[in-house]
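For reference, the structure discussed in these notes is given below.
The values are calculated or read from the model by the stated rules, or taken from the named source; none is laboratory data. The structure displayed is predicted, hence computed values, not measured ones. All Cβ positions, glycine included, derive from the backbone under ideal geometry; neighbour counts span all protein chains shown.
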Amino acid sequence: MTNRASLQDIADQLGITKMTVSRYFRSPEKVAPATREKIAQAVKHSGYIHNRAPALMSRALSRTIGVVIPSLSNQVFSALVDGIETITNADSFDILLAHSGYDPKVEERKIEMLLSYQVDGLILCETEHTDR
């Protein structure tokens, strides 16, 4: 397995600072349009995957919503997740999906897991929940 490209690799390739590449991901409007385009091409060519962990650790928005559904086979929940993604994608949010199997204790564990990822919100689809 080859090493994944890093911010520094992209910066070195383009002859710019690592901070500029980082700024491209955090606040692209603060990077000159020509530089943004060069970075976008380098990212695409290198297969770079942006690491969101540092932003999470700084308590910034994760731009992620947790969704707990009770069933993967019920088409109602499939349509619901599709609708949620339509709305969240429009605002550049991602979703983390968890399945509870209609079990309140499993749902509780899934909620705890999603909260550990510092999601910005939770959508719960069950009508009853544990007291916790």
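Right, Val68: surrounded by 12 or more Cβ atoms within 10 Å (Cβ to Cβ), touching a Cys at 6+ places or on another chain (Cβ under 7 Å) and either not in a helix (DSSP H, G or I) or not aliphatic (A, V, I, L, M) (or both) or not? Answer is yes for this residue. Only one of the numbered conditions (1) at pLDDT below 95; (2) at negative phi; (3) of a type in the set (S, T, N, Q) is not met by Thr86, and that is (1). For Ala55, indicate whether it is buried (at least 16 other Cβ atoms within 10 Å of the Cβ), modelled with pLDDT under 90 and under 30 Å from Leu124 (Cβ atoms). Spelling it out, Ala55 is indeed buried (at least 16 other Cβ atoms within 10 Å of the Cβ), modelled with pLDDT under 90 and under 30 Å from Leu124 (Cβ atoms).
Taking residues in the range 99-124 that are of a type in the set (Asp, Glu), and partners anywhere that are assigned to a loop (DSSP other than H, G, I, E, B) and crowded, with 17+ Cβ neighbours inside 10 Å, the pairs with Cβ atoms closer than 9 Å and at least 6 places apart or on different chains are Asp103/Pro70; Glu107/Pro70; Glu107/Ser100; Glu108/Ser100; Asp120/Ser62; Asp120/Phe93.
Residues of the range 73-123 that are in contact with an Asp or Glu (Cβ under 9 Å, 6 or more places away or on another chain), farther than 17 Å from Ser62 by Cβ and buried (at least 17 other Cβ atoms within 10 Å of the Cβ): Ser100, Glu107. The residue pairs whose first member lies in the range 6-30 and is farther than 13 Å from Gln41 by Cα, whose second member is not in a helix (DSSP H, G or I), and whose beta carbons are closer than 7 Å, counting only pairs six or more residues apart or on different chains, are Thr20/Val31; Arg23/Val31; Phe25/His50.
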